Amino acid sequence: MFPQHALYESIGTPKNGYSGAMATLDVYNFAYLKTPEVSAAMVRVSNYVDERRIGLNDIQAGWAIDPFTYGDSKTHFFVSWTTDFYNKTGCFNLECEGFVPVNDAPVTPGDVLDPANNQTKITFKIFKDKNDGDWWLYFGYDINNLKRAGFWPKNIFNRMEDHATHVQWEGFTNAYKGHSSPPMGNGRWPGKMSATIQNVLYVGTDGQSYDPPVWPIGLEVYVTNTRCYQVSIVENNMFYYGGPGGCKHDWLNKY
């Protein structure tokens, strides 16, 4: 496979680590995507030692168009988790034990999101609750009305029982090597008409959000291929991202 990323990630780790993050994502659909193409946007909360990410503990939540996984080209809400870089542990949605939905949840992992039916934005936050220590997911179509959707029990993790070391806000695409990568976001270059990730915030164990710290513990940008995807600067806790795609495996760069 040939993954492409355009994201902001945390720099450095505070003394007590990170306890969560949130975001508001624009929701889009590319109904023409076919297996094995993927276009997605997400938040990741992780714990790992070095860039090899051996023993990666990871939580993800966001939306994805993934015909291979879902059997259609609709936009779905997804969650995932692992404790070993998706080698032997973890899964997406409810394919294995891990994420525990709650009664009356506003969304279930795998549910279809329909931008044509006023589901044009989703807001969610992931955080380690100080009361039970589990990693909770809150979700809503209105940032002022987030509700519990479920949780990842703390005991399924071996590095992230207490805190995370990294957070990412990310646009993502995937395709087979040799195939052109699909559009990211809404397929436009970052700007007033492109996709956004808003409310780029950390979340404390009390569920309250706060701004990313300033340098040297702040945010840095990572883009695998600026010929096909880019991101804007972060202003007012949001950034624009995306691009038309068309990357081939021999086009790689980072900044």
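The values are calculated or read from the model by the stated rules, or taken from the named source; none is laboratory data. Every value quoted in this text rests on a predicted model; they were computed, and no experiment measured them. For neighbour counting, all protein chains shown are included, and Cβ atoms are generated from backbone atoms with ideal geometry for every residue, glycine included.
For segment 37-73, name all the residues that are among the aliphatic types (A, V, I, L, M) and at pLDDT 95 or above. Spell out how you get there, then give the answer.
Here is the first cut: in segment 37-73, the residues among the aliphatic types (A, V, I, L, M) are 38, 40-43, 45, 49, 54, 56, 59, 61, 64-65.
Scanning segment 37-73 gives V38, A40, A41, M42, V43, V45, I59, A61, A64, I65.
Of the set (1) of a type in the set (K, R); (2) surrounded by fewer than 21 Cβ atoms within 10 Å (Cβ to Cβ); (3) not in a loop (DSSP other than H, G, I, E, B), all apply to K125 but (2).
Against the list (1) outside any loop (DSSP other than H, G, I, E, B); (2) out of contact with any Pro (no Cβ under 8 Å at 6 or more places or on another chain); (3) at pLDDT 95 or above, the condition A116 fails is (3).
One residue stands out among those in segment 107-122 that are surrounded by 17 or more Cβ atoms within 10 Å (Cβ to Cβ) and under 25 Å from A164 (Cβ atoms): the one that is farthest from the chain's Cα centre (by Cα), which is V107.
For segment 146-176, give me each residue that is closer than 20 Å to C96 by Cα, among the aromatic types (F, W, Y) and in a loop (DSSP other than H, G, I, E, B). Within segment 146-176, just F157 meets the criteria. So Y202 ticks every box in (1) outside any strand (DSSP E or B); (2) among the aromatic types (F, W, Y); (3) closer than 19 Å to K130 by Cβ but one. Which box is left unticked? The number of the failed condition is (1). Scanning segment 128-143 for residues that are loosely packed, with under 15 Cβ neighbours inside 10 Å and either in contact (Cβ under 8 Å) with a residue 60 or more places away in the chain or among the hydroxyl-bearing types (S, T, Y) (or both) yields a total of 1.
Hey, among Y32, Y86, which residue is surrounded by fewer than 16 Cβ atoms within 10 Å (Cβ to Cβ), on the phi > 0 side of the Ramachandran plot and not polar (S, T, N, Q)?
Values: Y32 fails: on the phi > 0 side of the Ramachandran plot.
Sole residue among the options that is surrounded by fewer than 16 Cβ atoms within 10 Å (Cβ to Cβ), on the phi > 0 side of the Ramachandran plot and not polar (S, T, N, Q): Y86.
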